[in-house]
Amino acid sequence: MSVAIVIDRHVTGTYTVTRADTPTFTGGMVGSRSESNFTIDAHVQPASGQDVRYLLEGKTVTRALWVWTRTALRTGGGGEEPDRITIDGDVYEVSHLENWSSDGPFYKAMVLKL
């Protein structure tokens, strides 16, 4: 049985992801950015203190969670902003992403409440 099927069986809910579109540039200036929302099914668990080693230095974090999902999420970089996920009314930012697609299509993301 693939890990992805096990994750599907342990989904803790459906969550809303907010993604900023890639910015446009006009005359070397960043144009307006729009956002889109979509939902994902995921399994969410608190991250341990040892797991928090993935945090970016200098960030103040009040809570870190692991999110397992079949949906690829963005961590930011290359002109993109990280995806934001609303979990139980709180907004979290995707900080770290592991692609585990070789064991069935799924991703493991660390999200941070800032």
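In table form, for the structure just shown:
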| item | result |
| --- | --- |
| Mean Cα-pair separation over length for the chain, i.e. relative contact order, pairs under 8 Å, 6 or more apart, % | 28 percent |
| Sum of side-chain charges, S36 neighbourhood, beta-carbon under 15 Å (Lys, Arg +1; Asp, Glu -1) | -1 |
| Ordering of 95-103, 24-32 by burial proxy (mean other Cβ atoms within 10 Å per residue, highest first) | 95-103, 24-32 |
| Test item: Cα-centred dipole of the chain, Lys/Arg +1 and Asp/Glu -1 on Cβ, debye | 100 debye |
| Pairwise FRET efficiency - R9 versus V61, Cβ, R0 = 22 Å, nearest 0.05 | 0.15 |
| Phi to ³J(HN,Hα) by Karplus 6.51 cos²θ - 1.76 cosθ + 1.60 over the stretch 71-78, Hz, x for Gly, Pro | 9, 5, 10, 9, 9, x, x, x |
| Rounded to whole Hz, the Karplus (6.51, -1.76, 1.60) HN-Hα couplings of the stretch 12-20, x for glycine and proline | 9, x, 10, 10, 8, 10, 10, 10, 7 |
| Computed lengthening from Q50 to V30, 0.36 nm per intervening residue step minus Cα-Cα distance | 3.4 nm |
| Residues with amide H under 5 Å from that of S95, placed H, sequence gap 5 or more | M110, V111, L112 |
| Residue of V44, V61, V94 that the Gaussian network model of the chain assigns the largest fluctuation, springs spanning Cα pairs under 10 Å | V61 |
| 3J(HN,Hα) from dihedral phi, the stretch 82-94, Karplus parametrisation 6.51/-1.76/1.60, rounded to Hz, x for glycine, proline | x, 5, 10, 10, 8, 10, 6, x, 9, 9, 10, 10, 6 |
| Label corresponding to mean projected area of the Cα convex hull in nm² when calculated from the structure given, among (i) 15.1; (ii) 8.3; (iii) 9.9 | (ii) |
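Every number in this text was worked out from the coordinates using simple rules, so none of it is lab data. Computed from a predicted structure; not experimentally measured. So basically every Cβ, Gly included, is an ideal-geometry build from the backbone, and we count neighbours across all protein chains shown.
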